[in-house]
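The values are calculated or read from the model by the stated rules, or taken from the named source; none is laboratory data. What you see is a predicted model; the values in this text were computed from it and never measured. Cβ atoms come from the backbone with ideal geometry, glycine included; neighbour counts cover every protein chain shown.
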Amino acid sequence: MRVVSGIQTTGNLHLGNYLGAIRQWVAMQGALDENGGECLFFLADLHALTSGIAPSDLANSTIEMAATLLAAGIDDRSILFNQSRVPAHSELCWILQGTARMGWLNRMTQWKDKAGKNREGASVGLFTYPVLQAADILVYQATHVPVGEDQKQHLELARDVATKFNTDFGVELFPLPEPLISKAAPRIMSLRDGTAKMSKSDPSDMSRINLIDSDDLIAQKIKKSKSDADLLPDSFDALAERPEAKNLVTIYAALSDRTPQSVVEEFSGKGFGAFKPALADLAVSVLAPMRDRLVRLLDDRTAVGAELARGAARAGALAAPTLLAAQKAVGLQV
């Protein structure tokens, strides 16, 4: 079993990233290591180029996000690297662009959402983004890919590309990667709008808890988070029409490794004047040790860069045979 996943290097990582993905990555690396599997986690700096990020911001974000993943518990049991250090990603992407079809890419909902009405003005990279994602996965012959609901369509495209390539060139090079969706991974929403996902791109810093935030700032953001005037019920299902309340209970449950139902039972009949301080204390207790490790790592950015270089060397060695086989299949190598 080989698991591959990446995260784009734009902006600080936040609580939603940690609870929705990073915590699962840390658990996954332990489980796979015990059973002879492998995890590759990469920082998608090539993908970030489609977002118009400033060069200095891209360089800083790459180091800061790598440090965050290390602080959260990613270690030598996994291979951690930034995408651009392994040229096989780009080389295989170009080969696969001969296999992928315009119609497939035109149907990508994220392309439609991000390009909006200005498709003619959008970058080619934004359009072919899913082909690079396919290369990211297929170059390592990944068996499983952790995905959220918003990325399932892109994994399906990677499977389509793999199937067509294998068929067109009469090879059995690429296995079809399976989605790995953790049922335990909660969907964390904005602290300012319970109907919108917590996001690095939200212009309001108060909408998210960054993993670098101080204890006081974490508490302040939770105190000022949007809620409502009603008391908490004794049933989590009763919060279906109260998105902000549901979100705060979901965060508490995730941070404490409990079910949302057990949380509402504990706080039933209480208002957010009582709930928010308890949530703030819990968040600080969980996040503060991680933040302290992160601060120490960022004191030596050269060492973090060296970790990425070591990971890239390991990843490159795994990618090389697949790239060579693809080159031979299409006639670029004999």
(request) Inspect all residues belonging to segment 249-258 and state whether any of them is part of a helix (DSSP H, G or I), among the hydroxyl-bearing types (Ser, Thr, Tyr), in contact (Cβ under 8 Å) with a residue 24 or more places away in the chain and crowded, with 18+ Cβ neighbours inside 10 Å. (result) yes
(request) Go through Ala100, Ala66, Ala54, Ala115 for me and flag whichever is out of contact with any strand residue (DSSP E or B) (no Cβ under 7 Å at 6 or more places or on another chain) and at pLDDT 95 or above. (result) Ala100
(message) Taking the conditions exactly as written (of a type in the set (D, E, K, R) and part of a loop (DSSP other than H, G, I, E, B)), does Asp160 satisfy them or not?
(response) no
(request) Say whether the condition of being within 23 Å of Ile7 (Cβ to Cβ), touching a strand residue (DSSP E or B) at 6+ places or on another chain (Cβ under 9 Å), part of a helix (DSSP H, G or I) and modelled with pLDDT of 95 or more is met by at least one residue in segment 263-284. (result) no
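Residues checked against (1) under 16 Å from Gly20 (Cα atoms); (2) touching a residue at least 12 places away in the same chain (Cβ under 8 Å); (3) in contact with a Lys or Arg (Cβ under 9 Å, 6 or more places away or on another chain); (4) not assigned by TED's automatic domain parsing to the domain that holds Glu38:
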{"residue": "Tyr140", "(1), (2), (3), (4)": "no, yes, yes, no"}
{"residue": "Val145", "(1), (2), (3), (4)": "yes, yes, no, no"}
{"residue": "His154", "(1), (2), (3), (4)": "no, yes, no, no"}
{"residue": "Arg159", "(1), (2), (3), (4)": "no, yes, no, no"}
{"residue": "Asn166", "(1), (2), (3), (4)": "no, no, no, no"}
{"residue": "Leu176", "(1), (2), (3), (4)": "no, yes, yes, no"}
{"residue": "Arg192", "(1), (2), (3), (4)": "no, yes, yes, yes"}
(message) Can you tell me how many residues within segment 285-304 are of a type in the set (Lys, Arg), out of contact with any helix residue (DSSP H, G or I) (no Cβ under 7 Å at 6 or more places or on another chain) and either at pLDDT below 95 or under 22 Å from Gln24 (Cα atoms) (or both)?
(response) 1
(message) Test of understanding: among Ile251, Ile218, which residue is closer than 30 Å to Ala67 by Cα, in contact with a helix residue (DSSP H, G or I) (Cβ under 6 Å, 6 or more places away or on another chain) and not assigned by TED's automatic domain parsing to the domain that holds Asp136?
(response) Ile218
(request) Could you please let me know if Asp45 is more than 25 Å from Ala329 (Cβ to Cβ), among the acidic types (Asp, Glu), free of Cβ contacts under 8 Å to residues at least 40 places away in the same chain and not assigned by TED's automatic domain parsing to the domain that holds Ile209? (result) yes
(message) I need a count of the residues in segment 296-328 that are touching a residue at least 40 places away in the same chain (Cβ under 8 Å), among the hydrophobic types (A, V, I, L, M, F, W, C) and more than 12 Å from Leu70 (Cβ to Cβ).
(response) 9
